[in-house]
Amino acid sequence: MPKIAILLLLLFALHAEASPAEAQRIKRGFELAAETWGLKMKMAADPGEREKLMASRPDPAMAGEDLWRQIAPSLKEDWTIPYAAFFLELTRNLTVGGTEGNTGAAFSEERKRILAAFTQNHLAKPGIAPFSIALADSGDPKSLPILEKIMAENPDEATKGIAALGASMLLKKLGDAPEVMKKRLTYLRQAIIMSSDQDIGGRSVADIATDELYVIRYLAKGRIAPDLSGMDVAGRVVQLSGLRGKTVVLLFWDAKSPETDKIIGLTNQMTMKYADKPVAIVGVTPEALGRIRELQADGSIRWNNIIDPEDKLSREYRVAVRPAMLIISPAGKIEYTGLPGSFAELTVDALLAGDAPPR
């Protein structure tokens, strides 16, 4: 058979593999694996068993690679809409190593291609509510214009409302200037009016919008942080108001994130960096008391932790996705909300120096 014919057959075979059925298989397979793994983690009472389970955690990067091969040739086609949304959710917090030890966002080029393809082909189509949700969950302010275009161009009122909710959530990344806060409130009102009863992950848009209004009122930058109290691994009460006079690093985390090891490493570095400074680093986690006690005892985790097995404190702080870090000034004001990393450290450094934290 001529070489050109063989190449054509191979190309045809590769294209034939890209299908809705295969994309669904990858998506559902990962979801089932993650659900099964989570149940096993909850049932594992022995620390050694939990350690083994951590090593068998489903790999979102591998699932992302498999899914990308399916949807990449067909991003203009409508069937890719839910799978592209799932890809954005799956890869949103993944990182890759770069030069000189730096890290960057994984799948950044793939994500750009999805955003470009959807902007050109899908924003006015029905059925893109999951895509709007994925854009909001990404936390990337660059997604804000796309959500605003969905609000302007999509004919479906419910989809417009979900996009408005997502746009309001993304605006948090742009600070708390009066014009930003005004726009956030406007979008939240639109979300409630247009799509209050729409379901997102088992919650209504109205419920999520109510939480966002609470965040604006009580948890925005510059607000006094609501008091928080819980028991640490030694059975001592840790109360946020009792830490006034110190800069507080408050980290909501668990072991289910694919970035758990990285988050532990970054927080350990902060603990060592500020060991002789008036800085209190406090974790809030639903993980088992015995496991956290063991990890703190052997030095794997170097900061104190409040055990929150029923997620009561996370709900009080409206933490929907972990990890989430807040930096609180010695006067009790929230100065940073986001992920652990260099910007969080810059905020702590500014507070220690008596400077205005970066915005």
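The values are calculated or read from the model by the stated rules, or taken from the named source; none is laboratory data. Predicted model only: the values in this text are computed from it and were never measured. Because the Cβ atoms are built from the backbone with ideal geometry, glycine has one as well, and the counts that use them run over all protein chains shown.
Which one is modelled with the lowest pLDDT, of the residues in the range 78-94 that are polar (S, T, N, Q) and assigned to a helix (DSSP H, G or I)? Spell out the reasoning first.
Here is the first cut: in the range 78-94, the residues polar (S, T, N, Q) are 80, 91, 93.
From what's left, assigned to a helix (DSSP H, G or I): 80, 91.
Details: Thr80: 94, Thr91: 91.
Among those residues, the one meeting the criterion is Thr91.
In the range 170-197, what residues are modelled with pLDDT of 90 or more and in a loop (DSSP other than H, G, I, E, B)?
Ser196, Asp197
Across the range 308-342, what is the total count of residues that are acidic (Asp, Glu) and assigned to a loop (DSSP other than H, G, I, E, B)? I'd like the intermediate steps shown before the answer.
Pass one, the range 308-342, residues acidic (Asp, Glu): 308, 310-311, 316, 335.
Next, only the ones that are assigned to a loop (DSSP other than H, G, I, E, B) stay: 308, 310-311.
Summing the residues that are acidic (Asp, Glu) and assigned to a loop (DSSP other than H, G, I, E, B) in the range 308-342 gives 3.
When you scan the range 290-307, how many residues do you find that are more than 30 Å from Gly354 (Cα to Cα) and in a loop (DSSP other than H, G, I, E, B)?
Keep residues of the range 290-307 that are more than 30 Å from Gly354 (Cα to Cα), which gives 290-300, 307.
Within this subset, residues satisfying the condition of being in a loop (DSSP other than H, G, I, E, B) are 298-300.
Qualifying residue count, the range 290-307: 3.
Does the range 250-289 hold any residues that are touching a residue at least 12 places away in the same chain (Cβ under 8 Å) and charged (D, E, K, R), and which are they?
Result: Asp254, Lys256, Glu259, Lys262, Lys273, Lys277, Glu287.
For the range 124-152, enumerate the residues that are crowded, with 22+ Cβ neighbours inside 10 Å and assigned to a loop (DSSP other than H, G, I, E, B).
Matches in the range 124-152: Ile128 only.
Pull out all pairs, ordered by first then second residue, where Cβ-Cβ is under 8 Å, the residues are six or more apart or on different chains, the first lies in the range 192-218 and is closer than 19 Å to Leu174 by Cβ, and the second is among the polar types (S, T, N, Q).
These pairs meet every condition: Ala209/Ser168; Ala209/Ser196; Glu212/Ser168.
For the range 314-342, which residues satisfy the criterion of being touching a residue at least 40 places away in the same chain (Cβ under 8 Å) and charged (D, E, K, R)?
Glu316, Arg318, Arg322, Lys333, Glu335
Test Asp137 against the criterion of being within 25 Å of Leu339 (Cβ to Cβ) and touching a residue at least 40 places away in the same chain (Cβ under 8 Å), and give yes or no.
On the way: within 25 Å of Leu339 (Cβ to Cβ): yes; touching a residue at least 40 places away in the same chain (Cβ under 8 Å): yes.
In short, yes.
Scan the range 343-351 and tell me whether some residue there is surrounded by fewer than 16 Cβ atoms within 10 Å (Cβ to Cβ), free of Cβ contacts under 8 Å to residues at least 60 places away in the same chain and not in a strand (DSSP E or B). Outline the logic, then answer.
Of the residues in the range 343-351, the ones surrounded by fewer than 16 Cβ atoms within 10 Å (Cβ to Cβ) are 343, 346.
Next cut, free of Cβ contacts under 8 Å to residues at least 60 places away in the same chain only: 343, 346.
From what is left, the residues that are not in a strand (DSSP E or B) are 343, 346.
Looking for residues that are surrounded by fewer than 16 Cβ atoms within 10 Å (Cβ to Cβ), free of Cβ contacts under 8 Å to residues at least 60 places away in the same chain and not in a strand (DSSP E or B), one finds at least one in the range 343-351, hence yes.
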